[in-house]
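What follows is one structure encoded as structure tokens, with my remarks underneath.
The values are calculated or read from the model by the stated rules, or taken from the named source; none is laboratory data. What you are looking at is a predicted structure, and each value in this text was computed from that prediction instead of being measured. Please note: Cβ atoms are built from the backbone with ideal geometry, for glycine as well, and neighbour counts cover all protein chains shown.
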Amino acid sequence: MRVGLFITCVNDTLYPRTGRAVVRLLERLGCEVDFPLAQTCCGQMHWNTGYGPRIEPMVRRFADTFAGYDAVVTPSGSCGAMIRDNHPRAAARAQDPTLAADVAAVVPKVYDLTEFIVDVLGVTDVGAYFPHKVAYHPTCHSQRLMKLGDRPTALLREVRGLELLGLPGEQECCGFGGTFAVKNPDVSTAMGADKVRHAAGTGAEVLCAADNSCLMHIGGLMDRQRTGMRVLHLAEILASTEKEPA
Amino acid sequence: MSKAVPPTGATFVGMPPFPRAARDAVGDAQLRHNLRKATHTIRDKRAVVVDELADWAELRAAGAAIKDRTLRRLDEHLLAVEAAVTSAGGTVHWAADAAEANRIVADLVRATGETEVVKVKSMVTQEIGLNEALAAEGIRAYETDLAELIVQLGEDLPSHILVPAIHRNRAEIREIFVREMGEWGVPAPAGLTDEPAALAEAARRHLRERFLSAKVAVSGANFVVAETGTLVVVESEGNGRMCLTLPETLISVVGIEKVVPTWADLEVFLQLLPRSSTGERMNPYTSMWTGVTPGDGPQDFHLVLLDNGRTDVLADRTGRQALRCIRCSACLNVCPVYERTGGHAYGSVYPGPIGAILVPQLGGVATGKVDAQTASLPYASSLCGACYEVCPVAIDIPEVLVHLREQVVEGGGHRAEKAAMRAAEWVLDDPGRLRRVQRLAARSRKLIPKRAPGPGAAWTDSRSIPAVPAESFRDWWVRERSGPADTAQAGVRPTGSAPAAAVVEARESEGEGR
Ligand code: SF4
């Protein structure tokens, strides 16, 4: 199985640890992982901020770059949903039948990391070790658009040493919302503050999610509030072992 | 709290754009407490009664399909309504906009010789600013819905579709009743407490006199059944029923999207609406009337069918789904933004997610003619999708929000943002440029301040910036996993060591000078 890793521009630039964890994890599970260097961004920020008509080059680049793989795996629920739901729309809008066909060919092969592990590889015990108390935040796009359901928690439950704690109000948005975080900073912060309060109330050491952009916001608030908790992408926990702890 | 400012169209005059209004709202501890309590209570009730229906998904799909099918032939259904209402003894008026509707209603009231009307809770009369327009003609309109009464007595603005006084708690309501009721009619009883039953009893005594003396009533309608010309009002208190039956003249102002073709269609919505709005299996009062019935109820009935921007919304392929809305307010009750700001921050009679997609459309955002306040509404959402999940007619509110953001951008938008977006495209169109920018950031990462000046402060005022790693994932991959051939493929050329030099070089090597 030849897997193309779509790391996403945010992870590439700010969270290379998550990318390295995905590679380590997938290779440990027997996949041949490739990172095609032509990749850049899914266009989500542009699309969601009202610049949808401008993302055609990014949609084209994504379809071309990942055309040759058996599966395309991404560690971001919102980028995965952007590709799955909106690349076909963007292609239709471009009125380019070739682009639409290329997008239609690549989209069914795009998986969120947890979908790929659970549904395609058929594994829930990935051989991880992470002796910490963890709460899981199902980010809005992981949950409502990618419909990851209980896949992430099924994977976490099999991690040796990990104690999974329930997060009150887990289905509530953390307030990141891309450019919403800076266009409406007060509301965004108010929403994030409640998320942090709930997370800290669980007594967990780590809040994890399947999307680093939400964690950037939540983690930024936690840091300012000196909560002493840390945020970690799910992939880093799943990659963690006795020898190479996260 | 805010003093009432007459609306023009659906919008309150003089409101600042959403982010500014929201800043004050999120800092109001009492408001935050009232809203959290109220929205969570209704939200949880709704979840229970929706979950108990095994066919909710099918009902929801049917609701959306019926509305879409009706809207496709809206002209024909409206003519059917006109014919049926007329033959049942009513009179139908057509109003293109708020001003025309207000004039029609004012003329009809004046023709009766009355100077007072009682009102059934209605969103559309708020939308057109009917009370203010009537006041300008010397006609006083009395709200009879309990929550609307609280808003009217408090000279306040509504902040929720179903519960316009949701931002008030019991103590505040008691205070308004004691202070204001006497000015308007029967005063609050001496020693009024803030017990819900006592407050309801005070309102009942205050309103009872009104119902018995009123000769003219004004209502909206939740639905109009085209096949018989029957109007339907769904409510909880029975005050609407009083207004609909006791007066001699009844004037109903109804948006043109409220039509359902048949009684079989209505049945679907009578299941969807109460469960979604109040979290009840069935609402306590459903009033239905068809024209005039001799010797029973109002003998003079007028239906004012209102467009006020709706046909423009209908012309927009993506935006038109907003016309399916049955005003249940489920989207408000689950919205994390609404929960923290309340309705006033939206500056409109339609707050929350539905307001954010309806008000800009009714105001003409597609033609680029809306003000800064209205243009801020499509951005008043994190696109979390909770609204779409609960909407009983499956309006994909996030999809419409994004669509309207595009219209705001096309209509002039934000210059600095456009420049930033273009710069991002320039970087993201080419992995080589992306890599150079990443390296630049890595080299200067120690220089990045903890608190950013200018627009960056919107992030750093409350949140730390993530530490920029010494090496991007891309660089790690090239170093660890691939040979020099890939380095060339990545478009990487040697760059100078100083950050400024790197930028200049990155730009020059691309032959770009934006
Ligand atoms: S948009 Fe949907 S959820 Fe919101 S008020 Fe209208 S019908 Fe109800």
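Tabulated values for the structure
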read-out: Tally of residues being within 24 Å of residue A:59 (Cα to Cα), surrounded by 24 or more Cβ atoms within 10 Å (Cβ to Cβ) and more than 9 Å from chain B (Cβ to nearest Cβ) across the range A:6-38; value: 3
read-out: Residue in the range B:276-290 that is nearest to the other protein chains (Cβ to nearest Cβ), counting only those that are within 14 Å of the ligand (Cβ to nearest atom) and part of a loop (DSSP other than H, G, I, E, B); value: B:279
read-out: Residue check, residue B:368 surrounded by fewer than 16 Cβ atoms within 10 Å (Cβ to Cβ) and more than 23 Å from residue B:26 (Cα to Cα); value: yes
read-out: Residue identified as away from the ligand (no atom under 16 Å from the Cβ), of a type in the set (Ser, Thr, Tyr) and crowded, with 21+ Cβ neighbours inside 10 Å among B:262, B:293, B:341; value: B:341
read-out: Top-ranked residue in the range A:153-190 [being touching a Lys or Arg at 6+ places or on another chain (Cβ under 7 Å) and farther than 30 Å from residue B:459 by Cβ; ranked as farthest from the other protein chains (Cβ to nearest Cβ)]; value: A:163
read-out: Filtered residues of the range B:373-388 (kept if facing another protein chain (nearest Cβ under 10 Å) and away from the ligand (no atom under 16 Å from the Cβ)); value: B:376, B:379, B:382
read-out: Wholly within the range A:130-246, strands (runs of 3 or more DSSP E) carrying at least 3 residues that are farther than 30 Å from residue B:402 by Cα; value: A:133-136, A:163-165
read-out: Meets criteria (within 21 Å of the chain's Cα centre (by Cα) and free of Cβ contacts under 8 Å to residues at least 40 places away in the same chain) for residue A:176; value: no
read-out: Enumeration of residues in the range B:389-410 that are at the interface with another protein chain (Cβ under 10 Å from one of its Cβ atoms) and either in contact with a strand residue (DSSP E or B) (Cβ under 8 Å, 6 or more places away or on another chain) or of a type outside the set (D, E, K, R) (or both); value: B:398, B:401, B:402, B:403, B:404, B:407, B:408, B:409
read-out: Number of the exception - residue B:273 against (1) within 16 Å of the ligand (Cβ to nearest atom); (2) not in a helix (DSSP H, G or I); value: (2)
read-out: Lone qualifier among B:44, B:97, B:24 - being under 27 Å from residue B:143 (Cβ atoms) and either among the basic types (Lys, Arg) or within 14 Å of chain A (Cβ to nearest Cβ) (or both); value: B:24
read-out: Failed item, numbered, when residue B:353 is tested on (1) in a loop (DSSP other than H, G, I, E, B); (2) within 14 Å of another protein chain (Cβ to nearest Cβ); (3) surrounded by 21 or more Cβ atoms within 10 Å (Cβ to Cβ); value: (1)
read-out: Which numbered condition residue B:111 misses (of (1) over 27 Å from the mean Cα position of the chain (by Cα); (2) in contact (Cβ under 8 Å) with a residue 24 or more places away in the chain); value: (2)
read-out: Extreme residue, surrounded by the fewest Cβ atoms within 10 Å (Cβ to Cβ), among residues of the range B:132-146 that are in contact (Cβ under 8 Å) with a residue 24 or more places away in the chain and assigned to a helix (DSSP H, G or I); value: B:132
read-out: Test for residue B:427: is it within 16 Å of the ligand (Cβ to nearest atom) and modelled with pLDDT under 95; value: no
read-out: Filter result for residue B:300 (more than 25 Å from residue B:62 (Cβ to Cβ) and either modelled with pLDDT of 95 or more or within 9 Å of the ligand (Cβ to nearest atom) (or both)); value: yes
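Rundown of residues vs (1) at pLDDT below 95; (2) closer than 21 Å to residue B:433 by Cα; (3) β-branched (Val, Ile, Thr), yes/no style:
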site: A:26; (1), (2), (3): no, no, no
site: A:54; (1), (2), (3): yes, yes, no
site: A:66; (1), (2), (3): no, yes, no
site: A:104; (1), (2), (3): no, no, no
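Every residue, every condition in (1) of a type in the set (Gly, Ala, Ser); (2) within 25 Å of residue A:26 (Cα to Cα), yes or no:
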residue	(1), (2)
A:96	no, no
A:100	yes, no
A:145	no, yes
A:153	no, yes
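Results for (1) without any contact (Cβ under 8 Å) to a residue 24 or more places away in the chain; (2) part of a strand (DSSP E or B); (3) within 31 Å of the chain's Cα centre (by Cα); (4) surrounded by 15 or more Cβ atoms within 10 Å (Cβ to Cβ), shown as yes or no for each residue.
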site: B:172; (1), (2), (3), (4): yes, no, yes, yes
site: B:182; (1), (2), (3), (4): yes, no, no, no
site: B:231; (1), (2), (3), (4): no, yes, yes, yes
site: B:243; (1), (2), (3), (4): no, no, yes, yes
site: B:253; (1), (2), (3), (4): no, yes, yes, yes
